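Only one structure is covered here, and it is reproduced in the block below.
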Amino acid sequence: MLSKIKAVIEKIKEQRPLVHHITNYVTANDSANITLAVGASPVMASEPKEVEQMAAQAASLVLNIGTLSSLTVEAMLAAGRKAAAKGIPVIFDPVGAGATEYRTAVARRILAEVKPAVIRGNMSEITVLAGVTADIRGVDSVADESNAEKIAGQLSQKLGCVVAVTGKTDFIANGNQVRRLDNGHIMLTRVTGAGCMSSSLVGSCCAVTDAFTGAVAGVAMMGIAGEMAQQALQPGEGTGLFRMRLFDAVSRLNGELLGRYIRLS
Amino acid sequence: MLSKIKAVIEKIKEQRPLVHHITNYVTANDSANITLAVGASPVMASEPKEVEQMAAQAASLVLNIGTLSSLTVEAMLAAGRKAAAKGIPVIFDPVGAGATEYRTAVARRILAEVKPAVIRGNMSEITVLAGVTADIRGVDSVADESNAEKIAGQLSQKLGCVVAVTGKTDFIANGNQVRRLDNGHIMLTRVTGAGCMSSSLVGSCCAVTDAFTGAVAGVAMMGIAGEMAQQALQPGEGTGLFRMRLFDAVSRLNGELLGRYIRLS
Amino acid sequence: MLSKIKAVIEKIKEQRPLVHHITNYVTANDSANITLAVGASPVMASEPKEVEQMAAQAASLVLNIGTLSSLTVEAMLAAGRKAAAKGIPVIFDPVGAGATEYRTAVARRILAEVKPAVIRGNMSEITVLAGVTADIRGVDSVADESNAEKIAGQLSQKLGCVVAVTGKTDFIANGNQVRRLDNGHIMLTRVTGAGCMSSSLVGSCCAVTDAFTGAVAGVAMMGIAGEMAQQALQPGEGTGLFRMRLFDAVSRLNGELLGRYIRLS
C-alpha cells in the first residue's frame, strides 16, 4: 500500500482535482487552505439551489456537520445523493455526532441516504454511529480509545464503506482489513480543525485513488504534518505558529517525505 | 483577587470546560482557537433545533452578535434562556450595538430575556446599552473613553451583572466595585477578533470561577497576550504574525506569567 | 496615476474608511484582516433587516458571492441598491460565476440591479459576465488568459464600470483605458482568499478615491504583498506562513514601498 500512498500525492498535484465541501463556518478556511496546500482545488458551496450542479463536476465531496443547520443539511443530502449516483466519492465527517439528538439523527440520515465512501471521525463519533453508547461532550471525543480498531471494523462491515477513526492512534477499516497509523502529535488536539482538515485531505486523496488508499493517505498526511510542524516550531512559539506550520508542512509534502515519516502497520 | 485570577488558568487546564459559542462567521475560528489555547474546549453550534441541548451540557455560553441573523438570534435566545435557567454563566458580546436599529434591538432583547452574567463590549457598545447616546460607526468604537469607568458601573448596577468595557484601559464593574486593567497593545486594534477572543477567554474563565473574577481574568489574558505577541515579533513582521503570536502567547500562559504581566488596580 | 495611487494608501490611514462587506464564510476573516492591515475599518453584516442601514454609513461596499445563499443574495441586492443610490462605490466579486447556473444568474442580477462601480474577478468569471463562453471549474479560473485585456475592456464599455481581471498579469479597464499590472507571485494561487482580499483592498481604496485609481491601487497592493511575503519566507516555510506574511506586508505598506514595487503600464 505504501507505494500507492506515495503515488497519491503526485497524482493530486498533476490532476488538481476539484473537492466540493459542504462544511462548517468555523474551519471552512482551514479546509480550503489545506486542500490547496496538498495541491487540490477546493470549492465551498452550500446553497441548496446550486449544490447538485457543483457536486456533479467535483472529483470528491466532503460533508462535515460541524455547524449544521436545516439548510446545510438539505444541501448535504441533495449534493451527497447526486455525487453517490455519479460514483463521486463522498467523505462524511460526523462532527459531534452524539452530542445532541438532532446531530445524531442528521448523521444517521446522511449514512442512510448518501452512502458515503468514507466516514472519518473521532472515537466518540464513530462509536455513536456504530450504535454503541459513547461518551461525548461537545465535539471532542472523551471515549476510551482501546476499542477503536474493533469499532472501526464493525462499522465498516455494517455499512460497507471505509471507516477511519482518528485519535492518538488512527485505525482505518475496509471491511475486515484494518490499517493502523501511529503518526501525529498532541499539539493537533490544541488547535481547532485538525479533524476537519484530515477529512479534507482524505477528500483530496479519494479524488485520485480508491477510498481505502485515499483514507489511509489523507489521515497519514495530517499526522505527518503535525510532526513536521512540531519539529519546525521555534523557541517561544505555541499553538498559533504550530497551526501555520501545519499548512507549511502539507504544502511541502511529497512522496519521498511521506515515505520517510509514515508509521503504517 | 490576583491569587484567584492566577488559579483560574490552572483550573481551566485541569477541568477543560466546555464553552458553547453562538457567534459570528468572521471570527468563529479565532474564538475556537483562543479557547483551545487557554485549555478549554470550544463548541460552536447555532442551529435552533440543537442549541438548548448543547448549552445545557456546557460550563459557560458565549453569545456574540457580530454577524447576527434572524436564525442565530432565535438560537441565542433559546440557548441563553436554557443556560441561565440552569445557572450556567452567559457571556454576552454586543458587537456593533448601536450601529443599526436591528442590532440594538436584538442586544436589548438578549439583555432582557437572557440576563447574562457578563457583558463585554467596547465603549460605544456599552454606552448604547446603558441608554446613553454614543458615537458608533460599523463595529468599532469611536466613543470618548473617559467615561468608561462610570458607564460600566452604571450599567452593572442597572442590570445586576458584571460589565467589562475594553479599550485602551479596561474597566470591569460588578455593581459598585470596579477593577481597572492597563494591559494591552495598540496592535490589538489592527487585527479582527480581539474583542471576540476576549469574550471567549472570559467565557473560558467564567466556566471555572465567579463572573467577576472570570471577567477580569479573561480580559487581562487578552491584554497580556497582546503585549507578549508584540514582544515576540521579529523584524519585518506585521499584523499577520502578530495575530498568530497572540495564540502562541495564550497557549503558553500560566499563573506565573500572568502574575508577572498583569497591571490590575 | 502613480502619484494618485501612492496618495491612496496615506488617505486610507488618515480617514480609516468603513468598508461594509457582504461576503462568504470561507474568507470573511481574511477580508476583515486585510482591510484592517491597510488601515481601513471592516464591518461584516449580512442580515437583510440591517444591511441597508449599515451600507448607508459605509464609505464603500464589497459584495462577494463565494458562498452565496438565498438570504445573502437578498441582503446584497438591498445593500447594493442603497449604496448605489447614495453614491457609495460598490465593488462586486463574482466568485465562481459560470460554475453553476444559479451563481451566474445571481451575478447577472447584481450587475443589473446594483450597477457596481468596480467588478473584480478572474478570467473565467469576467468572461462569463461578458457573455462569452468560458472554461470554469469550481471557483478557480481555467480559462485562457491571452484575451484578458480585450475582455476587460469590452465588459467595462458594455457596463460602464471599472473591470479588473486578475491573474498572472492583471488588467484594469475603465472604458477604453486599460492599465496593466505585472506584480504578484504564484504562491498567491496556493492559498484561499487572494481574490477576495484583493476585492477588499479595492474596496478600501475606492473608499478614498475614484473607482479606476482605487481598482488599480487595490489590485497592485495584493500583488506587491505577494512578492513581499515570498521574499520574507524563511527556509522550510510554505503556504501557511506565506499567508500570514501577506498580512504583514499589507500592514507595512506605504507610498514609498508601493512606488518601489509597482509594475504598472
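Here the Karplus relation 6.51 cos²θ - 1.76 cosθ + 1.60, evaluated at θ = phi - 60°, turns the backbone of the range B:40-50 into coupling constants of 8, 10, x, 9, 10, 8, 9, 7, x, 5, 10 Hz, with x for every Gly and Pro. Compared with its chain on its own, the range C:84-105 contains the following residues whose accessible area drops by 20 Å² or more in the full protein assembly (probe 1.4 Å; ligands, DNA and RNA excluded): C:99, C:100, C:101, C:102, C:103.
With label points defined 7 Å past Cα in the direction of Cβ, position residue C:146 shows copy-to-copy spacings of 6.8, 6.8 nm, given to one decimal and shortest first. Considering all C-alpha pairs of the range A:74-188, those separated by over 25 Å amount to 18%. How far apart are the residue A:231 label points across copies, placing each 7 Å from Cα toward Cβ, in nm, shortest first? So the label point of residue A:231 gives 3.1, 3.1 nm to the other copies. Comparing each chain alone with all protein chains together (probe 1.4 Å, DNA, RNA and ligands left out), the residues of the range A:14-58 losing at least 50 Å² of accessible area are A:25, A:26, A:29, A:33, A:36, A:44, A:47, A:49, A:50, A:53, A:57. Helical runs assigned H by DSSP (4 residues or longer) give chain A a calculated mean residue ellipticity at 222 nm of -16500 deg cm²/dmol, each run adding -39500 (n - 2.57) before division by the residue total. Annotation: amide H-H contacts under 5 Å for residue B:95 (H modelled 1.01 Å from N, sequence separation of 5 or more, or interchain): B:65, B:66. Based on C-alpha pairs under 8 angstrom that are at least 6 apart in sequence, chain A has a relative contact order of 20 percent. In this structure the protein assembly as shown gives 32 Å² per residue of accessible area when probed at 1.4 Å with all protein chains present. Solvent-accessible area assigned to carbon and sulfur over chain B amounts to 48 percent, based on a 1.4 Å probe. Counting only residues at least eight positions apart within a chain, or on another chain, the aspartates and glutamates with an alpha carbon under 16 Å from that of residue C:11 are C:210, C:256.
Which residue, B:38, B:191, B:95, has the most motion in a Gaussian network model of chain B that connects Cα atoms within less than 10 Å? Evaluated over chain B, the most mobile residue of the options is B:191. Modelled this way, with points 7 Å down the Cα-to-C-beta line, the labels at residue A:157 and residue B:158 are 6.6 nm from one another.
For the protein assembly as shown, the equivalent ellipsoid derived from the Cα gyration tensor has semi-axes of 35, 35, 25 Å, listed largest first. Counting pairwise Cα distances across the range C:1-130, what percent come out greater than 17 angstrom? The proportion of pairs with Cα distances above 17 Å equals 57 percent. Accessible area per residue was computed with a 1.4 Å probe on protein heavy atoms; residue A:204 scores about 0 Å². Across the range C:208-225, computed HN-Hα scalar couplings (Karplus, 6.51 cos²θ - 1.76 cosθ + 1.60, θ = phi - 60°) run 10, 8, 5, 4, 5, 4, x, 5, 5, 4, x, 5, 4, 4, 5, x, 5, 4 Hz from first to last residue, x flagging Gly and Pro.
A dipole drawn for the range B:2-261 from +1 and -1 charges on Cβ atoms has a positive end, and of B:232, B:96, B:215 the residue lying farthest that way is B:215. With label points set 7 Å from Cα along Cα→Cβ, the inter-copy distances at residue C:158 are 5.5, 5.5 nm, sorted shortest first. Computed 3J(HN,Hα) for the range B:82-95, one whole-Hz value per residue from the Karplus formula 6.51 cos²θ - 1.76 cosθ + 1.60 where θ = phi - 60°, is 4, 4, 4, 5, 8, x, 7, x, 10, 9, 10, 10, x, 3, glycine and proline marked x.
When only the Cβ of Lys, Arg, Asp and Glu is charged (+1, +1, -1, -1), the dipole of chain C relative to its Cα centre reaches about 460 debye.
Between C and B, roughly 2600 Å² of accessible area is buried in total, ligands, DNA and RNA not counted and the probe set to 1.4 Å.
Once you reduce the range A:215-231 and the range B:66-100 to the center of their Cα atoms, the two points are 38 Å from each other. Divided by 2.2 N^0.38 Å, where N counts the residues, the Cα radius of gyration of the range C:2-261 comes to 0.91.
The values are calculated or read from the model by the stated rules, or taken from the named source; none is laboratory data. Note that the structure is predicted; figures quoted are calculated from it, not measured. Cβ: placed from backbone, ideal geometry, glycine included. Neighbour counts: every protein chain shown. Keep in mind that these areas ignore ligands, DNA and RNA; they rest on the heavy atoms of the full protein, side chains included. Shrake-Rupley method; radii C 1.70, N 1.55, O 1.52, S 1.80 Å.
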